[in-house]
Protein chains: 2
Amino acid sequence: MEKLNEIIFYTMDKAIKTYRMFAQQQLREAGYKITIDQWLIIKGILENPDISQLELGEKAFKDNASVTRIIDLLVKAEYLERQFHDTDRRRVKLIVTQTGMDIVGHVQKVVLQNRKTALDGIDPTEIELVNKVLNKIIQNCHI
Amino acid sequence: MEKLNEIIFYTMDKAIKTYRMFAQQQLREAGYKITIDQWLIIKGILENPDISQLELGEKAFKDNASVTRIIDLLVKAEYLERQFHDTDRRRVKLIVTQTGMDIVGHVQKVVLQNRKTALDGIDPTEIELVNKVLNKIIQNCHI
DNA sequence: TCAATTTATTTGATATATCAATGTTTGACA
DNA sequence: TGTCAAACATTGATATATCAAATAAATTGA
């Protein structure tokens, strides 16, 4: 029994890392110079244009500091622009450039295919159960 | 259906991060200045004293470069010593110090408790299914 | 035996994670 | 209205991840 408790966290770690490496490699092979994390951030802005960096962090499950630095790189890559926020000067208005929009669309296709590949042969009810169990773990860790 | 495929990877990411943050916090509160990753590496050496860094990396699912740097820190913290390997001069003999052994033992207790807390209320058969599904994902990503 | 290949580790460069500290700006409220 | 706590973002320090390149030792094969 103890064995299983040990293995499950190992497997979780391995699964997420394997998927990320696979996904990143597919992107690289398709010729895109963007990381999954960077893509997630741009996508979050497109889906909710007035989002704050804090909210972006919650959505992508990232630390504020990480979000700031990912956005630094996205600005440098000219996928994003930083502007002053209209009503709250503590905040930053994040504008997705045309180049940014283009790449998000292209990458989206690769990501959808990646997910399909990764979940091939797995029953939807099983996926649902995995989701349920993982959420229970998340809940248990919020003491 | 597409929704679920999206959510499952998000949940995996969130679950592993939440667990790691929880585990690390428990260690900190217990007064130990060591990371989970560092602990994993020392434990791997104790379980298999003649292990190579490459094998350690495979076991803890880490890149060689990461293993080298984690070991750097463990040597600096005096939990490990590097020596010349007896038969293969490319390799490094890794010696766990007494301090290293002590901390692994203490941390072990905290980790076991963490796992128990994280898996509270989850049926072993469910854990087994999650493990099975995650392994299938790992397999699918090894194209 | 010598050259070519493979193996083990290290190092450099860049990206992300985490905690703590700092700097502004807002908003609440005495 | 002036003060103070909360909110938002950045920065610094350190740890880890990833890829590529470099180094050095071992192995293979002609």
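Each residue of the protein assembly as shown gets 168 Å³ once the volume of the Cα convex hull is shared out per residue.
Sorted from nearest, the other copies put their B:Gln108 label points 5.2 nm away, the label point being 7 Å from Cα in the direction of Cβ.
Ordering A:Phe9, B:Phe61, B:Phe84 from the fewest to the most neighbouring beta carbons within 10 Å gives B:Phe84, B:Phe61, A:Phe9. For A:Ala77, the distances from its label point to the matching points in the remaining copies are 3.3 nm, ordered from shortest, with each point set 7 Å beyond Cα toward Cβ.
Of the residues A:Ile122, A:Ile95, A:Ile103, the one that moves most in a GNM of chain A with alpha-carbon contacts below 10 Å is A:Ile122.
Applying 1/(1 + (r/R0)^6) with r as the Cβ-Cβ distance of A:Leu73 and A:Lys116 and R0 = 22 angstrom yields a FRET efficiency of 0.20. When the alpha-carbon atoms of chain A are used, the pair Rg, Dmax equals 17.8, 57 angstrom. Here the simple spin-label model places points 7 Å from the Cα toward Cβ, and for B:Gln108 and B:Gln25 these points are separated by 2.7 nm.
Order by neighbour count: B:Glu29, B:Glu81, fewest other Cβ atoms within 10 Å first, most last.
Working: B:Glu29 9, B:Glu81 14.
With the fewest neighbours first, B:Glu29, B:Glu81 line up as B:Glu29, B:Glu81.
Tell me which DSSP H helices of chain B clear both cut-offs, 24 Å or more of axial length from alpha-carbon atoms and a mean Kyte-Doolittle hydropathy of at least -0.5. Walk me through the numbers on the way to the answer.
Working: long enough: B:2-29 (41 Å, -0.66); B:98-118 (30 Å, -0.30); B:124-141 (26 Å, 0.05).
Answer set is B:98-118, B:124-141.
Pairwise Cα distances in segment B:66-110 exceed 12 Å for 65 percent of all pairs.
Placing a label point 7 Å from Cα along the Cα-to-Cβ axis, B:Tyr32 is separated from the same position in the other copies by 4.0 nm, shortest listed first. First measure r as the distance between the Cβ atoms of A:Asn48 and B:Phe61, then evaluate 1/(1 + (r/R0)^6) with R0 = 45 Å and state the FRET efficiency to the nearest 0.05. With a Förster radius of 45 Å, E is 0.85. For chain A, modelled as a GNM whose springs connect Cα atoms under 10 angstrom apart, the maximal fluctuation among A:Val107, A:Val67, A:Val130 occurs at A:Val130.
Only the coordinates and a few stated rules stand behind these numbers; no lab work does. All figures in this text were calculated on a predicted structure; none of them were measured in a lab. For neighbour counting, all protein chains shown are included, and Cβ atoms are generated from backbone atoms with ideal geometry for every residue, glycine included.
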